[in-house]
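The values are calculated or read from the model by the stated rules, or taken from the named source; none is laboratory data. These figures come from a predicted structure and were not determined experimentally. Cβ placement follows ideal geometry from the backbone for every residue including glycine, while neighbour counts extend to all protein chains displayed.
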Amino acid sequence: MSEKLMAPFLKNQKQKELYLKVTGLLNEFKKRAREYDQQARFPFENMNDLKLTGLTSVTVPKRFGGEEISLYQFILMQETIAQGDAATALSVGWHNGTMMQLRDTNKWQEKVFERISREALDDHILINTAATEPATGSPARGGKPETMATKVERSWVISGKKTFTSLAPVLDYIIITASITGEDRIGEFLLPRSAKGIRFEETWDSLGMRGTRSDDLILEDVQLPEDALVATKDPGHGMAPQGWLLHIPACYLGVAIAARNDAITFAENYQPNSLNHPISEVPEVRRKVAEMDLELMKARHFMYRIAELWDEHPELRPQLGPELAAVKTAATNAAVHVVDLSMRIVGGKSLEKSRPFERYYRDVRAGLHNPPSDDITSMILAKKAFLAKET
């Protein structure tokens, strides 16, 4: 990646060290990306590299021996990994982000979170939440889970189906949401992959982000101990602002940066016989490059600034919901536009399967469907505007 693009965002030594650690992996990630995408294969090798370099435990709290990186550092890492392979970035983002959310909310009992944190450090375990279901869609829409948890003496029995379970082939633990039988509560349950009755159906055959292997999770009378219930909430209970979800726009901006850089490299080296210079000197190509950079500047400065506010002013976090949603919408739409511009610069060659542009095009569109979707962001911003006027 161009150092000039990164210069405004590397503000201290810790950020620079993290950035350099990640960039050391990018060449191998880029080499493997095409195969992962074509075969819809989970990036096992990439994930192993991330584990070996300690990048799957960076959000573990310091009190348990982790680095406890900030949200700013987290999205810096995510944006950089995505320039090598988007599916790898989004996958590890769900794991590290889940650990960050648990760290920030303290909603689990300390002994449970400490155990999972130490396993993340020592055993490199991977964890993710499975909440989306066929009938309810994303939990952001407010649907009540059809997955049911029934208390039987001193244990729980859980049955149901979850979709979009990213990291399915490598998850060690899954946090699932379930409606509790006989109660008006939704429970969050911690499931070890080894629990009897858990299986994954290899259903993931998506246009983009094929390597995330976001397969279906099937739960058939899974019996768990009483303490598997790690948190509860009331149905329809609104979610507090979640800064960690900025890993999503960071990932897609990373894809856009990769497309931008590759388009510039192409323009600097491609010279048709109708010109006596590379197309990088053609005014329209330069205009498109400038437009790409303008889109990236707007989205990235917005994203990193909100991350700074989250880190430096914890007292503001309850009010940052609209800004977090707006960052996601602004960044993902900017990323789609930048990739489109990069392909217009490269022309018909951008559609060749041997080049990465068509993969960028498919991967970046997935961001539009990660939470929150554009219509949810619009509802949040409109509600804020009219509430402000009414009060």
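Out of Pro283, Pro318, which single residue is touching a residue at least 40 places away in the same chain (Cβ under 8 Å), over 30 Å from Lys31 (Cα atoms), loosely packed, with under 12 Cβ neighbours inside 10 Å and of a type outside the set (Phe, Trp, Tyr)?
Details: Pro283 fails: touching a residue at least 40 places away in the same chain (Cβ under 8 Å).
Of the residues listed, the single one that is touching a residue at least 40 places away in the same chain (Cβ under 8 Å), over 30 Å from Lys31 (Cα atoms), loosely packed, with under 12 Cβ neighbours inside 10 Å and of a type outside the set (Phe, Trp, Tyr) is Pro318.
The residues on offer are Arg365, Arg287, Arg344, Arg355, and the sole one that is over 17 Å from Gln242 (Cα atoms) and under 18 Å from the mean Cα position of the chain (by Cα) is Arg365. Among the residues of this structure, Asp37 counts as one that is of a type outside the set (Phe, Trp, Tyr), touching a residue at least 60 places away in the same chain (Cβ under 8 Å), under 21 Å from Gly211 (Cβ atoms) and not assigned by TED's automatic domain parsing to the domain that holds Met297. No other residue among Glu119, Glu133 is crowded, with 18+ Cβ neighbours inside 10 Å, over 16 Å from Gln242 (Cβ atoms) and in contact with a strand residue (DSSP E or B) (Cβ under 9 Å, 6 or more places away or on another chain) apart from Glu133. From the list Asp227, Asp221, the one residue that fits, being at positive phi, out of contact with any Leu (no Cβ under 8 Å at 6 or more places or on another chain), surrounded by fewer than 16 Cβ atoms within 10 Å (Cβ to Cβ) and at pLDDT 95 or above, is Asp221. If you scan region 199-217, which residues turn out to be touching a strand residue (DSSP E or B) at 6+ places or on another chain (Cβ under 6 Å) and either under 25 Å from Val112 (Cβ atoms) or assigned to a loop (DSSP other than H, G, I, E, B) (or both)? Within region 199-217, Arg199, Phe200, Glu202, Thr203, Trp204, Ser214, Leu217 qualify. Within region 179-198, being assigned to a strand (DSSP E or B) and out of contact with any His (no Cβ under 9 Å at 6 or more places or on another chain) holds for Ser179, Ile180, Gly187, Glu188, Phe189, Leu190, Leu191, Pro192, Ile198.
State whether one or more residues within region 93-104 are of a type in the set (Gly, Ala, Ser) and under 13 Å from the mean Cα position of the chain (by Cα). It would help to see each step written out before you state the result.
Taking region 93-104 as the starting set, the residues that turn out to be of a type in the set (Gly, Ala, Ser) are 93, 97.
Now drop any that are not under 13 Å from the mean Cα position of the chain (by Cα), which leaves 93, 97.
Yes, region 93-104 has at least one match.
Is it the case, given these coordinates, that Glu3 is over 19 Å from the mean Cα position of the chain (by Cα) and modelled with pLDDT under 95? When the stated conditions are applied, Glu3 passes them.
Of the residues Leu26, Leu71, which is hydrophobic (A, V, I, L, M, F, W, C) and farther than 30 Å from Arg115 by Cα?
Leu26
Looking at Arg34, Arg103, Arg63, just one residue is in contact with a Lys or Arg (Cβ under 8 Å, 6 or more places away or on another chain) and among the basic types (Lys, Arg), and that residue is Arg34.
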